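Let me begin by presenting the structure, written as C-alpha cells, before commenting on it.
The values are calculated or read from the model by the stated rules, or taken from the named source; none is laboratory data. All values derive from a computational prediction rather than experimental measurement. Don't worry about glycine lacking a Cβ; one is built from the backbone with ideal geometry, like all the others, and counts go over all protein chains shown.
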Amino acid sequence: MIELAVFDMAGTTIEEHGAVYEALRHAVESTGVAVAPSDLQTWMGTDKREAIAALVRIGGGSPDAQLVERQYGVFRTYLKQRYEDVPPQPIAHADKALETLRARGIKIALTTGFSDDVALPLLASLGWSTAEGGNLDAVVTSDEVPRGRPAPYMIHRAMEKCGVVDVRKVLVAGDTIVDLEAGTNAGAGVVVGVLTGQLTREQLEAHPHTHVLDGVADVPGLPETRGVS
C-alpha cells in the first residue's frame with residue numbers, strides 16, 4: 001500500500017496554461033541566444049536557475065552566476081505577469097484526487113522546480129496549504145535541496161517531512177521526463193507519467209515508469225493506492 005504520493009505542480013496538479021514554458025523561453029532568448037523547443041522541453045520540470053544556465057550554454061552563450069540570477073529575475077517577472085493575466089487553477093479533478101488519496105491515509109506532497117518565492121504564492125492563490133485543515137502534507141521547492149530533478153532529493157525530502165521511510169511505498173507522478181527520472185532515481189515503488197503537460201504518451205513511455213495515465217484524476221484508481229496487490 002502506498003503511504004506517500006508525491007506530485008509535481010505545474011502541468012501535473014496545476015493548470016498554468018503553458019506559462020512556465022513561455023517564461024523560461026523568454027528568460028533564455030532575451031540573452032540573445034536561440035532555444036530549440038526540444039531543448040526547452042528537456043529542461044522543463046528542473047530547477048529554473050539550472051535550466052536557464054543549461055539552455056543559454058546550449059544556445060552558445062556563457063552563463064555566469066550574475067547572468068543566471070538576472071535572467072531568473074526575468075523569468076519570475078514574466079511568469080508573474082502571465083499568472084495575473086491568466087490565473088492558474090487546479091488541473092481537472094486534481095482536488096478530488098488528492099482528497100480521495102488522503103481519505104485512504106496516503107500523505108500528499110508537492111515538489112517543484114520553482115523556488116519558495118514563486119511556489120508558495122501560487123499555492124496560496126489556489127487555497128492549497130500544509131496548514132491545519134489544508135489539503136497537503138508537505139511542499140518541497142528547489143530552495144530546499146542541493147540539486148533539482150532528475151536528482152531524487154526533493155522526493156527524499158518529502159519523505160523526511162512526511163515520516164515515510166520505505167521508498168517502495170512512495171508514488172511519484174509528473175508530466176515531464178525528469179519527473180519520471182527523479183522518481184526512478186529515488187527508488188519509488190510507483191512512477192507515473194501524466195498526459196496533462198506537453199508530452200505525448202509515446203514520449204513518456206520511452207522512459208522508465210510503472211504507469212502512464214491521462215491525468216492525476218486517475219491515480220486513485222491504481223491498485224497500489226487501494227491496498228490491492
Answer yes or no: is there a residue in region 71-86 that is out of contact with any helix residue (DSSP H, G or I) (no Cβ under 8 Å at 6 or more places or on another chain), closer than 16 Å to Asp8 by Cβ, at pLDDT 95 or above and assigned to a helix (DSSP H, G or I).
no
Residue count, region 163-177, condition in contact with an Asp or Glu (Cβ under 9 Å, 6 or more places away or on another chain) and crowded, with 17+ Cβ neighbours inside 10 Å, comes to 9
Can you find, within region 43-64, the residue that is modelled with the lowest pLDDT among those that are closer than 19 Å to Ser115 by Cα and among the β-branched types (Val, Ile, Thr)?
Thr46
Condition met for Ala27 (within 20 Å of Gly174 (Cβ to Cβ), in a helix (DSSP H, G or I) and modelled with pLDDT of 95 or more):
no
Among the candidates Thr184, Thr100, residue that is surrounded by fewer than 21 Cβ atoms within 10 Å (Cβ to Cβ), under 13 Å from Ile2 (Cβ atoms) and touching a Pro at 6+ places or on another chain (Cβ under 7 Å)
Thr100
Lone qualifier among Ile2, Ile14 - being closer than 27 Å to His156 by Cβ, touching a Lys or Arg at 6+ places or on another chain (Cβ under 7 Å) and crowded, with 23+ Cβ neighbours inside 10 Å:
Ile2
Being over 25 Å from Arg49 (Cα atoms), of a type in the set (Val, Ile, Thr) and surrounded by fewer than 21 Cβ atoms within 10 Å (Cβ to Cβ), is that true of even one residue in region 196-205?
yes
Taking the residues in region 206-229 that are part of a loop (DSSP other than H, G, I, E, B) and buried (at least 17 other Cβ atoms within 10 Å of the Cβ) as candidates, determine which candidate is farthest from the chain's Cα centre (by Cα).
Leu222
